[in-house]
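None of the figures in this text is laboratory data; all of them are computed from the coordinates on show. The shown structure was predicted, so the numbers you read here are calculated from the model rather than taken from an experiment. Backbone-built Cβ (ideal geometry, glycine too); neighbour counts: all protein chains shown.
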């Protein structure tokens with residue numbers, strides 16, 4: 001690590017100065033652990049020696065998982081090229097085969113670097129295939145920060161500066177079956193894009209009646225059903241490799257990212273069926289490059305993805321399911337006596353804790369000197385602030401600041417979760433005591 005000592009000493013300040021001063025300011029104000037200098041046993045350690053459990057969700061196998069790191073090192077020690085000028089990359093081909101075999105339903109894969117890459121590919125596929133203009137999303141959605149993704153964002157700072165947005169993009173109320181039926185009445189819907197469990201929207205799972213209507217109406221009207229499983233996929237919910245495996249019909253398109261690259265390499269995937277891809281782009285072979293990206297098919301990321309799939313066993317998914325149920329039960333029991341606690345929601349190791357805003361005049365962002373945030377609750381940020389001190393890196397949901405979400409590593413020990421539950425109960429009791 002000596003070669004990087006100067007970066008780990010000064011690079012945090014360089015980030016503030018030359019990359020994104022707003023993110024750096026927010027992290028400092030929230031007292032997030034910023035100066036993280038090493039990964040050890042899947043955990044993070046900061047410059048003061050604080051050991052940190054990362055509940056953000058991208059590191060499903062811990063930071064610098066040794067199995068994935070070995071696979072990446074082995075590739076770098078080989079003489080195999082990472083990028084193929086023809087774009088026909090055998091490592092991408094093998095990863096695509098493995099993903100299709102694992103899901104048992106799809107037989108065509110597009111690779112990108114971020115979830116937004118996969119979202120854009122799915123929207124273009126829907127338009128190219130159906131030749132219809134309307135793309136439907138749900139309120140509370142978060143699909144990334146590209147133009148297509150932002151077009152389904154709720155009103156506010158993440159969306160408003162970028163209007164006019166993608167023509168034909170519209171959002172209907174979350175879980176509203178009647179609104180879904182109405183939007184199909186025009187006969188011009190190309191696709192409906194949904195998260196099985198909304199992340200930034202507050203860890204909200206789609207209601208079963210809405211899922212049934214969604215599967216039926218998209219099939220009857222020839223619209224693509226696109227499931228954004230960037231957060232829920234790769235075993236996160238404990239319900240299978242995908243959260244949508246038990247839906248009345250499998251989505252036409254599934255999007256994966258985040259933990260797909262094992263937390264080491266950027267990697268995303270759009271899974272669909274070959275017949276849909278060929279119908280959309282097969283009129284001439286040159287159209288196969290009508291949606292592409294230069295580095296999405298690099299071999300190094302594919303190697304990380306293959307190593308990740310080796311770790312996602314049925315036994316691990318069962319552990320995620322059982323451990324998630326254990327964590328949920330422990331949280332409900334420990335937090336229920338607190339009058340600010342409302343509920344725990346989610347599935348597997350994708351959980352959200354919803355809290356009631358404290359009823360006190362000075363417990364507000366306006367009182368703290370941030371009038372532009374007056375409509376947001378301080379309760380979840382305050383609890384997360386207390387948890388940072390105990391070495392738990394949790395996040396408030398971007399669209400609902402009454403909820404903090406928990407997406408720990410898949411193999412997290414239960415005694416660590418017990419410690420977390422105690423810390424969460426203590427943090428919430430502290431905030432309650434301020435009211």
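General remarks:
- Residues 376, 360 arranged by fewest to most Cβ contacts within 10 Å: 360, 376
- Beta bridges assigned by DSSP with both partners in the chain are antiparallel in approximately 65 percent of cases.
- Relative contact order computed over the chain (Cα-Cα under 8 Å; 6+ residues apart), in percent: 20
- Of all DSSP beta bridges in region 66-311, antiparallel share, percent nearest 5: 40
- Built from the Cα atoms of region 73-195, the convex hull projects on average onto 10.7 nm², one quarter of its surface area.
- Rounded, prolate or oblate (a/c below 1.5 giving rounded, otherwise prolate when a/b exceeds b/c) for region 341-428 by Cα gyration tensor: prolate
- Label corresponding to mean projected area of the Cα convex hull in nm² when calculated from the structure given, among [x] 19.3; [y] 21.9; [z] 25.0: [y]
- Semi-axes of the equivalent ellipsoid for region 66-311, computed as √(5λ) from the eigenvalues of its C-alpha gyration tensor and ordered from largest down, come to 30, 20, 17 Å.
- Fewest neighbouring Cβ atoms within 10 Å first, the residues 113, 145, 394 line up as 145, 113, 394.
- Debye intensity ratio I(q)/I(0), log10, region 217-354, q values 0.10 Å⁻¹ (C-alpha model): -0.47
- With a cut-off of 18 Å on the backbone N, the residues of region 367-391 near the modelled label site 7 Å out from residue 48 along Cα-Cβ are 382-391.
- Calculated [222 nm] ellipticity per residue, helices only, for the chain: -12000 deg cm²/dmol; basis is -39500 (n - 2.57) per DSSP H run with n ≥ 4, divided by all residues, nearest 500.
- Residues 241, 370, 75, 285, sorted so that the one with the fewest Cβ neighbours within 10 Å comes first: 285, 370, 75, 241
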